[in-house]
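Student: This is the structure I have questions about; it appears just below.
Computed from the coordinates by the stated procedures, all read-outs in this text should not be read as laboratory data. These numbers were taken from a predicted model, which means no experiment stands behind them. FYI the Cβ positions are ideal-geometry reconstructions off the backbone, even for glycines, and counts take in every protein chain you see.
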Amino acid sequence: MSESAVATLIHFIGHNKHVKLMIFIQDNPMAEIATPYERIGGEDGVRTLCETFYQIMCDTPQTQLIRDLHPEDIEISEEKLYLFLTGWLGGPPLYTDLYGHPRLRARHMPFPIGIEERDQWLYCMAQALKKLSLDNLFAEQLMSSFVQTADFMRNREEQPA
């Protein structure tokens, strides 16, 4: 983007079941800059994000609760996250091509997901995003979307303390 272009609004919109990042610029009001998939680095960026996410989850004692929800060999889980995030970020619909509609909540129902599990997952994702060295605004937008999705995944009522 040229220095003369002034960004006036950034938001995510859905398009063909994929999220597209659109930026509206004064001198070109509907200029599409890039999908989040492209901004994160395409296939390599998403793979790095997923590998880093699971590395953090496996190496961090404070995330043992969510680690225990996964199989000992996390390779399949990591690959499924990669396939899903690729499409979710606006890249090729790899997950839906292989497995159909993600049905995220339904697929995660067998696993107890409460506030603590959500927060551990979000911790791993936030740390993984930091390692990608994305621009701050874009990373915040991604994290905001992850927070909404992770909260939607909760399927367990919290027990009173």
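Student: What's the total number of residues in the stretch 140-161 that are among the aliphatic types (A, V, I, L, M) and under 10 Å from the mean Cα position of the chain (by Cα)?
Tutor: 4
Student: Hey, among the residues in the stretch 71-124 that are surrounded by fewer than 17 Cβ atoms within 10 Å (Cβ to Cβ) and touching a Leu at 6+ places or on another chain (Cβ under 7 Å), which one's farthest from residue 40 (Cα to Cα)?
Tutor: Here the residue is 111.
Student: Right, another one. I'm trying to understand the selection: among the residues of the stretch 128-155, which are in contact (Cβ under 8 Å) with a residue 24 or more places away in the chain, more than 18 Å from residue 86 (Cβ to Cβ) and in contact with a helix residue (DSSP H, G or I) (Cβ under 8 Å, 6 or more places away or on another chain)?
Tutor: Passing the criteria: 131, 147, 150, 151, 152, 153, 154, 155.
Student: Of the residues 138, 146, only one is over 22 Å from residue 78 (Cβ atoms) and either surrounded by 15 or more Cβ atoms within 10 Å (Cβ to Cβ) or small (Gly, Ala, Ser) (or both); which?
Tutor: 138
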